[in-house]
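Novice: The structure that follows is given in the form of structure tokens.
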Amino acid sequence: MTRLRTLLAACCTTALLLATGAAAQARFITVASTTSTEQSGLFGHLLPVFTKASGIKVRVVALGTGQALDMARRGDADVVFVHDQAAEEKFVADGHGVSRQGVMYNDFVLIGPRSDPARTAGKDILESLRRIETMKAPFVSRGDKSGTHAAELRYWKAAGVDLDGKKGPWYRDTGSGMGPALNTAASMNAYLLADRGSWLAFRNRGALGIVVAGDTRLFNQYGVILVNPARHPHVKQADGQKFIDWLLSAAGQKIIADYKIDGEQLFFPSASRLTH
């Protein structure tokens, strides 16, 4: 009987250790983010460092910003990492998120044929869009309610172009992520708005190049938000906050700044903007 009790105790201990080990291996958070952060390669650079430091794995669901925020509203993510400040602030104001923190920034650029048939080259994004519409030059839009799409629509509106009335065969609404939209533009030799990070990571450029950059209106900031655990109790608040705190720490900001392609920096830590 004593031997049986000893054997049972040993089995229970082994089962407990296995369960503990499995729980430790299963420690993860879900981050709803944008296709630009994933397709630029940033997460492949960033997340292994965080996991090594914290023991927390990060499962990224890459969508357009609007879709990522919708996913978080349903409680299907622990953290949101996106780039549409107005939509992010509304998300928090409506009680879906705890607070918004600026993490990093880069800029949008207008991509187009290097021959530039619409004569868009320069720094004025609004004048360039007016010329594209006047010339009915092929233009590719993501059309997916992403942060890039939201910015594009703001620029058309600020340029005084009523897309609802002016859309035609020249305007291709793809409903796709940044990578597929860039591929479509390359195949059509068309203009499109892209974030600089995705453009630098894109290799199938064809005859495309940057035609407009440097307009202050093209500033593109990314924010991070913890999904509100008061609304969704299953949210992994502690681990989600650890991820956010790490991104904002000196170590996390340095990792962001260190990510480069062909010597070009794709994203700039938000902390660095405060020093300029």
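Novice: Among the listed residues LEU192, LEU200, LEU182, LEU208, which satisfies the condition of being within 16 Å of the chain's Cα centre (by Cα), crowded, with 17+ Cβ neighbours inside 10 Å and at pLDDT 95 or above?
Specialist: Going through LEU192, LEU200, LEU182, LEU208 in turn, just one is within 16 Å of the chain's Cα centre (by Cα), crowded, with 17+ Cβ neighbours inside 10 Å and at pLDDT 95 or above: LEU182.
Novice: Could you check GLN253 against (1) in a loop (DSSP other than H, G, I, E, B); (2) buried (at least 18 other Cβ atoms within 10 Å of the Cβ); (3) of a type in the set (S, T, N, Q) and say which number it fails?
Specialist: (1)
Novice: Moving on to the next point. Considering each residue of the stretch 146-168, count those that are over 16 Å from ILE125 (Cβ atoms) and surrounded by 20 or more Cβ atoms within 10 Å (Cβ to Cβ), and give that number.
Specialist: 1
Novice: May I pose another question? Could you please let me know if GLY41 is surrounded by fewer than 18 Cβ atoms within 10 Å (Cβ to Cβ), assigned by TED's automatic domain parsing to the domain that holds GLU264 and modelled with pLDDT under 95?
Specialist: Yes: the conditions hold for GLY41.
Novice: Residue under question is ARG217, and the condition is that it be at pLDDT below 95 and either more than 19 Å from GLU89 (Cα to Cα) or part of a helix (DSSP H, G or I) (or both); does it hold?
Specialist: No; evaluated as a whole, the condition is false for this residue.
The values are calculated or read from the model by the stated rules, or taken from the named source; none is laboratory data. Predicted model, so just to flag it, every value in this text is computed and none were measured. A quick note on method: Cβ atoms are made from the backbone with ideal geometry, for glycine too, and the neighbour counts reach across all protein chains shown.
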